[in-house]
Every structure is written in C-alpha cells, then in structure tokens.
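A short reminder: the numbers here are calculations on the coordinates, not readings from a lab. These figures come from a predicted structure and were not determined experimentally. Quick reminder, even Gly has a Cβ in these numbers, built from the backbone with ideal geometry, and neighbours come from all protein chains shown.
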Amino acid sequence: MIIYDGKYVWDGKKDSAHKPVSWWPGSHYLTIFDFSAERSDVVMLKPFVVLASDSKEGYSVEKRYQDLIKAVCREFELDIDKLLWVRYAWDSERDMKVAVLKLLTGKGPYTVYDLKWRDIMPNERKLVDAIMPDSSG
C-alpha cells in the first residue's frame, strides 16, 4: 500500500520541538510503501520502503540526509528501524543506494544517527524494480 507519493517539502523553519530537515527550504520526491498488512502470516523485518530522489529544488540535504529520514519517519509515524530507505536519481535509476542508520546517542526526538550508504542488494533491487514509479510519465 502506498502511504505517500509526491514531493516532500520543508520550509527551513523550526516547528514546536523539532528542528527542520535543514535551515533552508528544499524538497525531495518520495514514495512511501507499507507492506506490513500485505501478508499477515509473515513478519517483515523492514515493512516500510521509501524511494527517495532529490528534486533539485532548494537546498540539498546531502550532508543532512539523516535529518530528512528522521523527519519523514516522525511525520508518517514510521519506525526508523523497520525502514528500507532507497536513494536514487531520476536520470540514473540504475544507481541506487540504501541508507544504513546507526544510533549514536539520544532518546526520543533528540537522537543522533550516523548515516552510511551501501549498494542495493539483489533481493532489494527486485522489490524496488517491482514497485518503482514509472519515470516516463
């Protein structure tokens, strides 16, 4: 089931207790899938899949990507530990990377993660190819 499919935008302003993705406006194209209800007989380790692509509008979050992931998880009530986040470029869908987040410190909204990128594995690639939005339209 698709939870969200569109341009995720941030304005660079702080809202209540949370800092923004970045202090400058920007956006990313996101498609968020929830596979948790698809098969009740199977417990999925990562039932949430996010396909993310830079919109090339506004500030790039390349150095603050973990803040984007945290903000999306908070807004859509996704468990960050049960999330497969796949980054790709619209002009090069073959080049995909998967986010690997490691909690460094903190609790609740005050968490700090270390983010590394790894190549997508064949089984993940098969899933992504099956759900990837059509870029020709």
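Counting only GluC sites (Glu not before Pro) that DSSP places in a loop and that have at most 12 other Cβ atoms within 10 Å, the longest clean stretch of the chain runs over 78-137.
Relative to the present Cα-Cα distance, how much length would full extension add between LYS13 and LYS102 at 0.36 nm per residue of separation?
Details: separation 89, 0.36 × 89 = 32.04 nm, distance 2.61 nm.
Taking 0.36 nm per residue and subtracting the Cα distance, the gain is 29.4 nm.
Compactness of segment 2-131, taken as the C-alpha radius of gyration over 2.2 N^0.38 Å, stands at 1.04. Residue separation of ASP5 and ASP79 scaled by 0.36 nm, minus their Cα-Cα distance, works out to 24.8 nm of gained length. Looking at the chain as a GNM with Cα springs under 10 Å, which of LYS116, LYS126, LYS19 has the largest mean-square fluctuation? Checking each option, the largest mean-square fluctuation is seen for LYS126. Projecting the Cα atoms of TRP24, PHE48, VAL98 onto the charge dipole of the chain (Cβ charges, centred on the Cα centre) puts TRP24 farthest toward the positive pole.
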